[in-house]
Amino acid sequence: MSVLVYTESEQGHFKKAALEVASYAKAVADQLGTTVTAVSVNATDTSVLGNYGVDKVLHVASDQLNSFNASAYASVIKQAVENENAKVIIVSSSADSKYLAPLLAVGLNAGYASNVVAAPSGTSPFTVKRPAFTNKAFENIQINTEVKIIGVSNNAFGLVETSGSASAEDFSPTIPGFAVKVESVDKATDKVTIADAEIVVSGGRGLKGPENWGMIEELAEVLGAATACSKPVSDLGWRPHGEHVGQTGKPVASNLYIAIGISGAIQHLAGINASKVKVVVNTDPEAPFFKAADYGVVGDAFQVIPELITKLKAFKAQQ
Amino acid sequence: MKILVCISHVPDTTSKINFTEDNTKFDANGVQFVINPYDEFGLTRAMWFKEKQGASIDVINVGGPETEPTLRKALAIGADAAIRVNTVATDAFSVAKQIANVFSNGGYDLVMAGRESIDYNGGMVPGMIAGLTNANFVNSCISLEIDGANATAIREIDGGKETVSTSLPLVIGGQKGLVEESDLRIPNMRGIMMARKKPLTVVEPVNASPETISVSFEKPAPKGAVTLVSPDNLDELINLLHNEAKVI
């Protein structure tokens, strides 16, 4: 009756979110006095999961699963849950996990809590905390079903290393036919994604035009950050829609969010409120974003950012 | 093509969020309710299908009579008929079960739902409807084309996008990209007048116990004032981010 965690990988390597959900699963297993079993699909080396509290890995190797398919992956996880008689299943808040989890919940008659930000406050009844009302509040919810699914919000729990080791076991589930077929994938594999990023550097209309995005990208590169933008910037076509963060864009739950030339409309703040530390650079001291920020620089981005890049490079060189 | 569009009745983004009864209930007093923004993208795309390819559009909400003005707004935008499942929306599963029941019995080809609602932000209902009805499902959908019984969709993935092909019946978890925000429609006077004459059917719920219960709410701790750093002293900003915030 172990806690089961789905650990996502990409091109054979575990995502950071996989190690975070493994850490979370370990915390839940400790509360329940049980072990952690991970399901991995096409990962080349599963031993690293032992460092994050996983005791056993069910390793699935299948060319059919090289492309993500929500129904098929939900079916694989369901079979693993039944194999292990697991009662608590942990997934991440990636686009893929949010896609498959509701299907898995129906398949297992399981209550599902998404975007959970902390370890359960209790396991009898099973109660977890999640944001609601677009981060204006938190909801404590009780899951009443025998089987429970928890989706852990990115960067909310963090990585917790342990000194354990994980045994690996081949697992060969039945893979159903695909009713939704992937025709093509358009993805920049060398860039940090907003979903995975610990740091996000975001630009707004204050940057005056797409030709000025070089310094945003350079700052992001120095920090190992993802780049993002405000809604007007994507609407103007300066940056792709995939970088738009805000209420109707992507949610950001990074450790550090740096907003440059963004005034801070309520819809933008709704999308980034889950970020832990916010830095704002804006010429207008009255910009609403300063009320939501932890640190602020009232200044011209065209002077501040190049200097900040120079100083950060020097700082990184010393580390 | 017969389309069912899910319409969630949610507090406007600018609403102050408060709770009553010892922080166990959402306080709707003074709150302006609107169509969930993600659902508006689905409704507008459904209107596009109706106008370009021919389709009928029913909108559905699970909730009490207080949600009817939101359904009437969807009718004013151009939906043909509205359905209100007469029960208090509790958790995602119970809402999905009500909509799945209407979907299964209504001969629909396509369900358009928002990726998530901006009140409880669960992101579960579209997938649960698909799971309950065995319909195909595309989440975080940013483009949808229908050709007969076949569909081609683009969905947003972390760091990019993916094109998929599938068939009807289909459930979509939609978002911006299905249409642009500039294409969203504001009801005009003619639409509002016509909406009054369109059918709004109230149906009784099927049995669906909630799987999860909101036991309490809390607000984030008040935020301290911003620490301003001079643009001439960016070393101090780096120092604060490294030593105080510990994020670099």
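Coordinate-derived values only; no laboratory data. Model, not experiment: these values are computed from the prediction. Quick reminder, even Gly has a Cβ in these numbers, built from the backbone with ideal geometry, and neighbours come from all protein chains shown.
Looking at the protein assembly as shown alone, DSSP beta bridges between its own residues are antiparallel in about 35 percent of cases.
Look at the Cα gyration tensor of the stretch A:246-291: its axes a ≥ b ≥ c give a/c of at least 1.5 with a/b at or below b/c, and that counts as oblate. Look at the stretch B:123-132: the mean tally of other chain Cβ atoms within 10 Å of its residues' Cβ atoms is 6.
Taking amide H as placed 1.01 Å from N in the peptide plane, B:Leu110 has its amide H under 5 Å from the amide H of B:Lys2, B:Leu4, B:Leu170, each at least 5 places away in sequence or on another chain. Mean separation of Cα pairs under 8 Å and 6 or more residues apart, divided by the residue count, gives chain B a relative contact order of 23 percent. For chain A, the 222 nm mean residue ellipticity estimated from helices alone, with every DSSP H stretch of n ≥ 4 adding -39500 (n - 2.57) and the total spread over all residues, rounds to -8500 deg cm²/dmol.
Loop-resident trypsin sites (Lys or Arg not before Pro) (DSSP state other than H, G, I, E or B) in the stretch B:10-109 with no more than 15 further Cβ atoms inside 10 Å of their Cβ: B:Lys16. Pairs of lysine residues in the stretch A:167-292 that meet both criteria, 8 or more places apart or on different chains and Cα atoms under 28 Å apart, total 26. Note on B:161-168: average number of Cβ atoms from other chains within 10 Å of each residue's Cβ is 6. Going from the fewest other Cβ atoms within 10 Å to the most, the residues A:Ile309, B:Ile186, B:Ile146, A:Ile90 appear in the order B:Ile186, A:Ile309, B:Ile146, A:Ile90.
Relative contact order of the stretch A:193-303: 25 percent, from C-alpha pairs under 8 Å at least 6 residues apart in sequence.
Put simply, the convex hull of the Cα atoms in the protein assembly as shown casts, on average, a shadow of 25.4 nm². Of the residues B:Pro187, B:Ala81, B:Val138, the one whose Cα sits farthest towards the positive end of the charge dipole of chain B is B:Ala81 (charges of +1 on Lys and Arg Cβ, -1 on Asp and Glu Cβ, taken about the Cα centre). For the peptides A:102-110, A:10-18, the ranking by packing is A:102-110, A:10-18, with the highest mean count of neighbouring Cβ atoms within 10 Å listed first.
Only helices reaching 18 angstrom along their own axis (Cα) with mean Kyte-Doolittle hydropathy no lower than 0.0 count here, and for the DSSP H runs of chain B these are B:92-105. Per-residue shielding of B:227-237, expressed as the average number of other chain Cβ atoms within 10 Å of the residue Cβ, stands at 6.
Think of the stretch A:132-250 as having a plus end and a minus end, set by charges on the Cβ of Lys, Arg, Asp and Glu; of A:Ser163, A:Val152, A:Gly177, A:Val152 sits farthest toward the positive end of this dipole.
Taking a ≥ b ≥ c as the square roots of the Cα gyration tensor eigenvalues, chain A comes out prolate, since a/c reaches at least 1.5 and a/b is larger than b/c. Ordering A:243-251, A:284-292 by mean Cβ neighbour count within 10 Å, with the highest value first, yields A:243-251, A:284-292. Go from 0 up to the bin containing the longest alpha carbon distance in chain B, width 10 Å each, and give me the % of pairs per bin. Answer for chain B: a P(r) of 7, 28, 30, 18, 9, 6, 1 percent. Taking the longest Cα principal axis of chain A as reference, the axis of helix A:16-32 is set at about 50 degrees. For the pair the stretch A:29-78 / the stretch B:107-147, the C-alpha centres are spaced 26 Å from each other. Label the stretch B:145-212 by shape, choosing from rounded, prolate and oblate, from the square roots a ≥ b ≥ c of the eigenvalues of the Cα gyration tensor; if a/c is under 1.5 it is rounded, and otherwise prolate applies when a/b is larger than b/c, oblate when it is not. Here the stretch B:145-212 falls in the oblate category. With contacts taken as Cα pairs under 8 Å and at least 6 residues apart, the stretch B:111-191 reaches a relative contact order of 34 percent.
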